[in-house]
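The values are calculated or read from the model by the stated rules, or taken from the named source; none is laboratory data. No experiment lies behind these values; they were computed from the predicted model shown. As a convention, Cβ positions derive from the backbone with ideal geometry for all residues, glycine included, and neighbour counts pool all protein chains shown. Ligands, DNA and RNA are stripped out before the accessible areas are found, and what is left, the full protein with its side chains, is counted by its heavy atoms. Shrake-Rupley method; radii C 1.70, N 1.55, O 1.52, S 1.80 Å.
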Amino acid sequence: MYKFNTKQFKKLRLEHGMNQADLARALIAEIGSGSRQIVRAWEIGRSSPSIIYMMALSKIFGKKIEWFFN
């Protein structure tokens, strides 16, 4: 089973010069939903993004969805 790679995700966000609030705003612009708390929950492994969020993250960061999983 594949698991969302929290460390890789956070590293990518930081490499793009984004804080959690920046990414939340990008998600809101892309799909109309997002928050800093959601991004934090993904980064600490409390939850994983739904397929809708995964599609948005893929577009925002220019990565295939598979990249986010180990």
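If R0 is taken as 25 Å, the Cβ-Cβ distance between ILE52 and ASN5 corresponds to a FRET efficiency of 0.85. Remark on the chain: hydrodynamic radius 11.8 angstrom, per the Kirkwood mean of 1/r across alpha carbon pairs.
With the other protein chains left in place, how much accessible area per residue, in square angstrom, belongs to the chain at a 1.4 angstrom probe? If you can, show how the numbers build up before the last one.
On the way: 4520 Å² over 70 residues.
The answer is 65 Å² per residue.
For the chain, adding -39500 (n - 2.57) for each run of n ≥ 4 DSSP H residues and dividing by the number of residues yields -17500 deg cm²/dmol at 222 nm.
Seen against the Cα atoms of the chain and their longest principal axis, helix 6-15 is set at about 40 degrees. Under a model in which nothing but the beta-carbon of Lys, Arg (+1) and Asp, Glu (-1) is charged, the chain shows a dipole of about 180 debye around its Cα centre.
Between the Cα long axis of helix 20-31 and the first principal axis of the chain there is an angle of about 80°, rounded to the nearest 10. All other residues with a Cβ under 14 Å from the Cβ of ILE52 taken together, and with Lys, Arg as +1 and Asp, Glu as -1, what is their net charge? Charge balance in the 14 Å sphere: 0. Kindly express, to the nearest 10 degrees and within the range 0 to 90, the angle between helix 51-61's C-alpha long axis and the longest C-alpha principal axis of the chain. Value to nearest ten degrees: 70.
May I ask you to derive the relative contact order of the chain, considering only C-alpha pairs under 8 Å and at least 6 residues apart, and to give it as an integer percent? Intermediate values should be presented prior to the final figure.
On the way: 60 pairs, mean separation 27.5, N = 70.
Normalised by residue count, the contact order of the chain is 39 percent.
Ranked highest first by the average count of other Cβ atoms within 10 Å around their residues, in what order do 37-44, 15-22 fall? Before the final figure, lay out each step's value.
Details: 37-44: 16.5, 15-22: 12.8.
Answer by packing, highest mean first, reads 37-44, 15-22.
To the nearest 0.05, how large is the calculated FRET efficiency for LYS64 and ILE44 if R₀ is 25 Å and r is the Cβ-Cβ distance? FRET efficiency, LYS64 to ILE44: 0.60.
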